[in-house]
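One structure is given below, encoded as structure tokens.
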Amino acid sequence: MEKLFKNINLNPKICFGIIAFCFCIFILLCSYLYPFTSDDVRFYIITNADFFRAIKTQALGEAPRFFNLVAVAGLYFGLKFKMFFVLLNPFVQICIPYLLFYFVKGRKLNINNQADILPFLLICFMYLFVIPSPSTTLFWTGGAFNYSWPFLFCLLTLCLFRFTYLGNKLKDAWYINSLWLFIGFVSGMSNENTGPMMFGVSFCFILLCKYKKIQIPKYIYFAFFGIILGVALLFGLGGSYRRLHDNYVYTFFVESDFSTRLLFSLHRFDKFLKALYYLPAITFIALLLIAYDKKMKVIKRENFILSFFLLLCGLVLAFVLFAAPLIPYRAYYSAGIFCLISFWLFLDLFRDVYNLYILKYITLFFTVYCLIISPLVIIPYFSLHKSFKDRDARIYLAKERGKTKIYIDALPKIPGPTKNLTITYLDIVRYDDEKYYETTLKKWYGIEVVVPDKTKFLIPVMQQALRDKELDTQSK
């Protein structure tokens, strides 16, 4: 095995170009094949009718995240000109592995250095196949706006902290301060759990700089102030509060006893670990074993502290989500990335402590594994795309023939090689809201589209909650 790697002497620039090209093509293809969803269509119709009403609905009634508000306009143009999103998304997504490399290594990726290609390849593969629910966080228009795109700004902020801690400085200028104020603002307003975590990480970084007597540049304070503004606006607009308190499912969970909540949390924790192939557990145990073996010598190392701290951040982000009994896989996106960064930092720590370069073996394993499952991942997207096209053709044919109504079935979920890689989506016709059927769906297709038995798509827990709510209302 050692001879195999020593004999490989490829041009690093060519290798980097191939990796980046294949990564972008994969993102582009899956983004193109991923179908429109009921959420996308609903906001497209609302925005097309009244842009300001759509903003108000998102800010006060839905989730007032920064990109959610931008997505009101973005979804309109993204759906009307989907190729704009399809072509832009790969460039946004390739920036994330690049920034992940910078944060882990503490320096820019050198495309002339063969030693940098392996960790970058590993990061790209794990980003595509290991993060929770790539179908809804990378390829779905609304999901990308909600999860991966805003996390790019979070990563920029984290890289700024790393950059500053290593003794580097940016130019002190008003436009630099303004830029980091904006980036911090987007980071703070990114998500209901990620935003507060970014505030906590930023606060810890400033305290660390004070303790280490590191001079804190002005733009760090601007970024921190931007995060505070973003978090304040995220929870102050009213949408987040209403989303939690007007949803009977969340209320049911909050009002449950401790044992019920613990049961849900344990189930969700196992689900979270499975989505990440149990890497958080492996990293945690490995860090404890190294600390036990090397004692204080290793605990003081920067990579050990960073790895352990970011692993805790990822677990805290995940545990915050466990308060919701109906949490989707995609919500674990940011928690998953924190845990993956912790794993990559652990690999560097292991090499430094034991002088054993295991990264090449792990990269080889993931490369072979990902190449084997890649067809199993991408083929279902072609199948799903064809199913949507065929169903749309039937609907528009009925419209051309002068029919006023058509009964259609919702499309089933298409399983992937693992549950985490299963394509999940909100089917356009799979929406349990009578008003949606009567207005939004009819405006989208120009004909009334009806699912014969809409109630069969209601989640059993929600059905029970509805029945309990009705009984409670009748008793009162």
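The values are calculated or read from the model by the stated rules, or taken from the named source; none is laboratory data. The structure presented is a predicted model; accordingly, all values stated were derived computationally and were not measured. A quick note on method: Cβ atoms are made from the backbone with ideal geometry, for glycine too, and the neighbour counts reach across all protein chains shown.
Observations on the structure shown:
- Here region 181-203 is the region considered, the condition is being modelled with pLDDT under 90 and touching a Pro at 6+ places or on another chain (Cβ under 7 Å), and the residue that is surrounded by the most Cβ atoms within 10 Å (Cβ to Cβ) is SER190.
- Here PHE77 meets each of (1) assigned to a helix (DSSP H, G or I); (2) at pLDDT 70 or above; (3) in contact with a helix residue (DSSP H, G or I) (Cβ under 9 Å, 6 or more places away or on another chain); (4) surrounded by fewer than 22 Cβ atoms within 10 Å (Cβ to Cβ) with one exception, condition (2).
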